[in-house]
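Asker: I have a structure here, written as structure tokens, and I will follow up with some questions on it.
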Amino acid sequence: MNVLVVGESEADELALRLLIAGIVGEPTTCPSGPSLRWRSRGLGVVYKSLESILYYAMWKTDAEGLAIIVDSDMDLPHDDSRNVACPCRRCNLEREIAKIRKRIRNPNRQYWVGVAMAVPKIESWCLVQRSKEVGEVEWQRMDNAARQSLHSRLKLMLYDTDRPDLELEKRKVREAIEEIVARDDGIELLSRKFPYGFGHFAEKLRNYRAQLT
Ligand SMILES: [Zn+2]
């Protein structure tokens, strides 16, 4: 699948790209076209650049789709139990994207867009096989102090240091995600443990691919 992956960091993008290959069952390719240049990274940049990212992806590249990944951090987790618009980062982004897509259309192209949200951050997905503490249900059950504690320990749990450099981050994330994807039930396991941030994304992508054939 030819897909543009955009996230808060290169490690997040690497993880989602490897997972997309696992979901669709074929390697991904990066779109050709002028490269998207970042002066800085982070959640604010993703939000602020959303319209230009969508425009770029749809009009300037040959990408079949755009995948966005954000961390939930300590913000509200997804909640569809109440009859109101969910305030989580994933739903906020999905609503924003829907609005932008009404303005920017490319009638010549069918275009897939998906949003994934790591709860509370990418290291928890990487640790899904190794730690019983990670998972969206586990996160929702925790009080604020327990969440703060886990959030602050995740880097140490994955990298053996809480200040990894980007190379170490990418190496450890790659190893962990490749290990998950290599399992027959790896995608299913991650979807079960992270149903709103990952499972929802995986299902939408599978449905899109199924209607192509
Ligand atoms: Zn939500």
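Computed from the coordinates by the stated procedures, all read-outs in this text should not be read as laboratory data. Source: prediction; values computed, not measured. Methodologically, a virtual Cβ is constructed for each residue, glycine included, from the backbone with ideal geometry; neighbour enumeration extends over all protein chains shown.
Asker: In deg cm²/dmol and to the nearest 500, what is the mean residue ellipticity at 222 nm of the chain if only DSSP H runs of at least 4 residues count, each as -39500 (n - 2.57), divided by the residue total? Walk me through the numbers on the way to the answer.
Answerer: Numbers: 10 runs with 107 residues, N = 213.
Calculated at 222 nm, the ellipticity per residue is -15000 deg cm²/dmol.
Asker: For a quick protection proxy, order the peptides 57-68, 147-158 by their average other-Cβ count within 10 Å, most packed first. Please report the intermediate quantities before stating the final value.
Answerer: Working: 57-68: 20.2, 147-158: 16.6.
The peptides rank, most packed first, as 57-68, 147-158.
Asker: Over 17 Å apart: what share of the alpha carbon pairs of segment 158-213 falls there, rounded to a whole percent? If you can, show how the numbers build up before the last one.
Answerer: Values: 844 of 1540 pairs.
Value for segment 158-213 (Cα pairs over 17 Å): 55 percent.
Asker: Do any of K132/K155; K60/K121; K121/K193; K155/K204 go past 19 Å between their Cα atoms, and which? Spell out each step's value before the answer.
Answerer: Values: K132/K155 16 Å; K60/K121 30 Å; K121/K193 14 Å; K155/K204 29 Å.
Cα-Cα > 19 Å for K60/K121; K155/K204; rest within.
Asker: Is there a quick way to get the dipole size of segment 81-213? I mean about its Cα centre, with the Cβ of Lys and Arg at +1 and of Asp and Glu at -1; what is the value in debye to the nearest 20?
Answerer: In total the dipole reaches around 880 debye.
Asker: For the residues T161, T29, what sequence is obtained by ranking on other C-beta atoms within 10 Å, fewest first?
Answerer: T161, T29
Asker: Considering just Cα atoms, how many Å³ per residue does the convex hull of segment 3-212 enclose?
Answerer: On the way: hull volume 27.6 nm³, N = 210.
About 131 Å³ per residue, rounded to a whole number.
Asker: Report, for segment 1-148, the % of DSSP beta bridges that are antiparallel, rounded to 5. Each step should come with its number before you reach the end.
Answerer: Working: 0 of 13 bridges.
Roughly 0 percent of the DSSP beta bridges within segment 1-148 come out antiparallel.
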